[in-house]
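Just so it is clear, none of the values below were taken in a lab; they were calculated from the coordinates. This structure is a prediction, so every number in the text was calculated from the model and none was measured. When we count neighbours, we look across all protein chains shown, and the Cβ atoms used for this are built from the backbone with ideal geometry, even at glycine.
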Amino acid sequence: MEEEGTSTLPIDTEEIAKLVTEAALEYEGCPYEAEINLLLTDEEEIREMNRMFRQIDKSTDVLSFPMLEYETPGDFSAFEQQQEAFNPESGELMLGDIVICKPKVLAQAEEYGHSVRREFAFLIAHSMLHLFGYDHVEDAQREEMEQRQQKILEELRILR
């Protein structure tokens, strides 16, 4: 985990990120140890990334950068034969990167009326599902992601 910018979150971000990523990996049945890079940043930095990678010139709460392409979301079976999917030094499956905007975590927790811990955990769970190949472009996809996010957080007892 890396952190940049001047704002801070009043929670143990590393502990929560580890709990949620492990719960998401278990929930999806990932048979491998996994590598995820997490960056916590401020609004200007995430805005620049959003502009650069998505051509959207505004800040956002979270960005996900999956390193793998799935035929079916959450199906890890195809990677067994793909050595390039694994870090040669650690042997871990390289899932991708998550970037979270700390000021957005604070603002959204207040806006939605729940804790900073819950908002941060939600964004990690949401992003992990993107790293597993899920998306929310269509309503059915969005509903499936929402159900999975909710179940991951419920298993951790991180509730609204």
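Remark on residue 96: its backbone amide H falls under 5 Å from those of 37, 67, a criterion applied only to residues 5 or more positions apart or on other chains, H modelled at 1.01 Å from N. Listed by chain and number, the lysines whose C-alpha is less than 18 Å from the C-alpha of residue 151, apart from same-chain residues fewer than 8 away, are 18. At 7 Å along the Cα-to-beta-carbon direction for both residue 143 and residue 8, put a label point, then send me their distance in nm to one decimal. Roughly 4.4 nm, to one decimal.
If you take the square roots of the eigenvalues of the alpha-carbon gyration tensor of region 20-62 and sort them as a ≥ b ≥ c, do you get rounded (a/c under 1.5), prolate (a/b over b/c) or oblate? It is prolate, given that a/c is not under 1.5 and a/b is the larger ratio.
Calculate how many DSSP beta bridges within region 2-155 are antiparallel, expressed in % of all such bridges and rounded to the nearest 5.
Numbers: 6 of 16 bridges.
Within region 2-155, antiparallel bridges account for around 40 percent of the total.
Working note: Karplus 6.51/-1.76/1.60 with θ = phi - 60° gives region 99-105 the couplings 10, 10, 8, 4, x, 5, 4 Hz, where Gly and Pro are set to x. Relative to the longest principal axis of the Cα atoms of the chain, helix 139-155 runs at roughly 80 degrees.
So how much slack lies between residue 71 and residue 53, counting 0.36 nm per residue of separation and subtracting their Cα-Cα distance, in nm?
So the extension gain works out to 4.2 nm.
If you take the Cα centroid of region 103-125 and the Cα centroid of region 64-79, the two points sit 27 Å apart.
For the chain, the longest principal axis of the Cα atoms and the long axis of helix 13-28 meet at an angle of about 40 degrees. A cut-off of 5 Å between modelled amide H atoms, ignoring neighbours fewer than 5 places along the same chain, links residue 3 with 40.
Using a cutoff of 8 angstrom between alpha carbon atoms and counting only pairs six or more residues apart, the relative contact order for region 14-160 works out to 32 percent.
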